[in-house]
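My questions all concern the structure below.
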Amino acid sequence: MTTSSSTNGATSGDEQKLSPSGLPIRAIPGGYGVPFLSPLRDRLDYYYLQGPEAFFRTRIARHGGATVLRVNMPPGPFLARDPRVVALLDARSFRVLLDDAKVDKSGTLDGTFIPSASLFGGHFPLAFLDAADPRHAELKRVMMGLAVSRMHAVAPAFRAAFGAMFDAVDAAFRASAGKKKAVEFNKHNAVHMLDFTCAALFGGAAPSKAIGANASRKAVKWLAWQLHPLASGVVKPWPLEHLLLHTVRLPPFLVARDYADLTAYFAAVAAAFLDDHAAGKSSISREELLHNLVFLAIFNAYGGFKIMLPHLVKWLARAGPGLHAKLAAEARNGGGEDDDVVTLADIDRNMPLVKSVVWEALRLNPPVEFQYGRAREDLVVESHDAAYEVKKGEMLFGYQPFATRDERVFDRAGEFVPDRFVVAAGGHEDERRRMLDHVVWSNGAETAAAAEGNKQCPGKDMVVAVARLMVVELFRRYDTFDATIVEMPLEPVVTFTSLTRATTKQP
């Protein structure tokens, strides 16, 4: 589409190429520099010299505020064949990554890096498949069916895990009598949320019992072998970390025994589910489905909870006693007929502030910060102020925190606003829906649903349910709490320094 323009000193003969929405089409700014050397320098900037946010902000400023840029993304040399991407750094341009008709997500889960298939028993799981792959639809159908069929188990399994977790936290506080009281949440969360995940999805023996006390360490080790090229802040000093994690692949055989133990556990607890699948007509073998279940439970679910819940507790800690009192009142008075047990339906009907807090935490800290996909065809990608032509096959990258903290979409976008998604008396649901349309942590809008033909998380509803239950159970048990926060690349380290037990209407 073209149109004549005589503004800004242009003559009537000048033509400006416009996008379908009427935005000027410009060349994508930025560049990739010198092969090998520039990606290596960019990797150092990204992980150590600047950090992700400064890395992108300096490049946005360098190119006059443009939020669609050509950049190199880590891990780069030695681990990824081609680091070149088109970065989408605002809410509007980011949305192309949610359109499965426009982007191919085959093998893009970890960006420009693809882990070894031997880490998954030789079968790349559902998350690595493009939505157009016939196997994707079949596997997604199975995973969505599992998630729906087990939703009834989520609340009771979570209450059991929460009780065990905070019994341990309280015991640690008592043991520190006379000393400076400090109990790290993350360590307890890592253990008990693995037990919860498996109980919610399959029932049966908890991994901490069936595998042993080191079950969560095995799970985290397996995750680390997949994601180490994308990690930082793990090994000190950083030059050693750069050498160990960002230049060579960690050998899969070093985690093979751990993965075998995990696979054997899931083969046992999911045996009935696997038997039911085998009895039907499916092109997905029992073995491939088993490895997909391991990935779903540990990478998708447990890995997500391990990152999400510390962020949620972080924001609650920073908000302080005022918000705590409001949440406690809602959590303790919003139940149904059985006042000792709060159901997910109770939360949905009667706890607007709890729901808003969860959505706000997911907006500010999506569990997965990155999205990747290759353009299926030549595209025009629109930001707020301009449009850009992308060629077929180019890798698109979205940094989700910039999309979900976009000042053009959200007021006070960088702040934690607990009641942002509460519809005030006389307010309009349309405004909340507009904002939720830009909460995209699940690889899709919060207003959308997972389907066989899209890449939205099949466990989206379960994740939201768990976060809501965490808030409710926390403030049914405690009036308020204090914690110190140390920000880290993946999850903040949250250390409780005080926990005040509930004084009113305690379950």
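No value in this document is a laboratory result; all are computed from the given coordinates. Quick caveat, the model's predicted, so the values are computed rather than measured. Counting neighbours? That spans all protein chains shown, and the Cβs are built from the backbone with ideal geometry, glycine included.
Find the relative contact order for the chain and round it to a whole percent, using C-alpha pairs within less than 8 Å whose residues are 6+ positions apart. All intermediate terms of the calculation are to be shown ahead of the outcome.
Numbers: 795 pairs, mean separation 105.2, N = 507.
Once divided by the residue count of the chain, the mean separation gives 21 percent.
Name the residues of the range 302-343 whose amide N is less than 19 Å from a point 7 angstrom out from the Cα of Ala224 along the C-beta direction?
Within reach of a label on Ala224, which here means backbone N under 19 Å from a point 7 Å along Cα→Cβ, the range 302-343 contributes 302-308.
While we're here: Say each of Thr484 and Arg286 gets a label point 7 Å from the Cα, pointing the same way as Cα to Cβ; how far apart are those two points in nm?
Output for this residue pair reads 5.2 nm.
Under a no-solvent Debye model with one identical scatterer per Cα of the chain, what's log10 I(q)/I(0) at q = 0.08, 0.10, 0.13 Å⁻¹?
-0.53, -0.84, -1.40
Shifting gears a bit: Specify which residue in the list Val439, Leu364, Pro77 is farthest towards the positive end of the charge dipole of the range 2-501, using unit charges on the beta carbon of Lys, Arg (+1) and Asp, Glu (-1), about the Cα centre.
The listed residue farthest towards the positive side: Pro77.
Among the lysines, select those whose C-alpha is under 21 Å from the C-alpha of Lys460, and discard any that sit fewer than 8 residues away in the same chain.
Cα-Cα hits under 21 Å: Lys105, Lys140, Lys306, Lys355.
Still on this structure: Specify which residue in the list Val422, Phe94, Thr497 is farthest towards the positive end of the charge dipole of the range 2-501, using unit charges on the beta carbon of Lys, Arg (+1) and Asp, Glu (-1), about the Cα centre.
Looking along the dipole axis, the top candidate is Thr497.
Show me the trypsin sites (Lys or Arg not before Pro) within the range 264-354 that DSSP assigns to loop and that have at most 11 other Cβ atoms within 10 Å of their Cβ. Write out the running numbers ahead of the final one.
Working: sites: Lys281, Arg286, Lys306, Lys314, Arg318, Lys326, Arg332, Arg349; in loops: Lys281.
Here the trypsin sites (Lys or Arg not before Pro) that fit, given the DSSP loop and packing criteria, are Lys281.
While we're looking at this one, here's another question. Could you tell me which of Ala386, Leu474, Gln400 has its Cα farthest along the dipole of the chain towards the positive end, charges placed at Cβ (Lys, Arg +1; Asp, Glu -1), taken about the Cα centre?
Farthest towards the positive end: Leu474.
Between Glu138 and Thr500, take the C-beta separation as r, use R0 = 45 Å, and let me know the FRET efficiency to the nearest 0.05. Intermediate values should be presented prior to the final figure.
Details: r = 50 Å, r/R0 = 1.12.
The calculated FRET efficiency here is 0.35.
Oh, and also: Quote the charge dipole size of the range 449-507 about the Cα centre in Debye, to the nearest 20; the model charges only the Cβ of Lys and Arg (+1) and of Asp and Glu (-1).
Numbers: 7 positive and 7 negative charges, 56 e Å.
The calculation lands at about 260 debye.
Follow-up. Is the shape of the range 1-151 best called rounded, prolate or oblate, per the rule: a/c under 1.5 gives rounded, else a/b larger than b/c gives prolate, else oblate, with a ≥ b ≥ c the square roots of the Cα gyration tensor eigenvalues? Each step should come with its number before you reach the end.
On the way: a/c = 2.67, a/b = 1.46, b/c = 1.82.
Judged from the Cα gyration tensor, the range 1-151 comes out oblate (a/c at least 1.5, b/c at or above a/b).
Turning to a different aspect of this structure: About the Cα centre of the chain, what is the dipole size in debye to 20, counting +1 per Lys and Arg Cβ and -1 per Asp and Glu Cβ, all else neutral?
Working: 59 positive and 57 negative charges, 241 e Å.
Roughly 1160 debye, rounded to the nearest 20.
What share of Cα pairs, in percent, lie more than 14 angstrom apart in the range 32-84? Display every interim value, and only then the final one.
Working: 695 of 1378 pairs.
Taking all Cα-Cα pairs of the range 32-84, the fraction more than 14 Å apart is 50 percent.
Shifting gears a bit: Hey, what angle do you get for helix 286-295 against the long axis of the chain, alpha-carbon based, 0 to 90 degrees rounded to 10?
Value to nearest ten degrees: 90.
Continuing with the same structure: What net charge is computed for the residues neighbouring Gly459, neighbours being all others with C-beta under 12 Å from the C-beta of Gly459, Lys and Arg scored +1, Asp and Glu -1? If you can, show how the numbers build up before the last one.
Working: positive: Lys140, Arg150, Lys460; negative: Asp461.
Surrounding charge for Gly459 is +2.
Given axes a ≥ b ≥ c from the Cα gyration tensor, I'd like to know whether the range 264-380 is rounded (a/c under 1.5), prolate (a/b larger than b/c) or oblate. Could the numbers behind the result be given before it?
Working: a/c = 2.49, a/b = 1.48, b/c = 1.69.
Since a/c reaches 1.5 but b/c is at least a/b, the shape of the range 264-380 is classed as oblate.
Let me make sure I get this right: for the range 358-507, a, b and c are the square roots of the gyration tensor eigenvalues over alpha carbons, sorted descending. Under 1.5 in a/c it's rounded, otherwise prolate if a/b > b/c, else oblate. Which is it?
Values: a/c = 2.11, a/b = 1.86, b/c = 1.14.
Verdict is prolate for the range 358-507.
What FRET efficiency comes out for the pair Tyr32/Phe173, r = Cβ-Cβ distance, R0 = 51 Å, nearest 0.05? Display every interim value, and only then the final one.
Numbers: r = 52 Å, r/R0 = 1.03.
The calculated FRET efficiency here is 0.45.
Please identify which residues in the range 93-109 have an amide N closer than 13 Å to a label point set 7 Å out from the Cα of Glu389, following the Cα→Cβ vector.
Inside the label zone: nothing.
Compute the long axis of helix 321-333 from its Cα atoms, compare it with the longest principal axis of the Cα atoms of the chain, and write down the angle in degrees, 0 to 90, nearest 10.
So the inclination is approximately 60 degrees.
A follow-up question, please. Report, to the nearest 10°, how far helix 185-201 tilts away from the longest principal axis of the Cα atoms in the chain, using its own Cα long axis and a range of 0 to 90°.
90
So how strong a dipole does the range 274-397 carry about its Cα centre when Lys and Arg Cβ are +1 and Asp and Glu Cβ are -1, to the nearest 20 debye? Please list the in-between numbers first.
Numbers: 14 positive and 19 negative charges, 81 e Å.
So the magnitude is around 380 debye.
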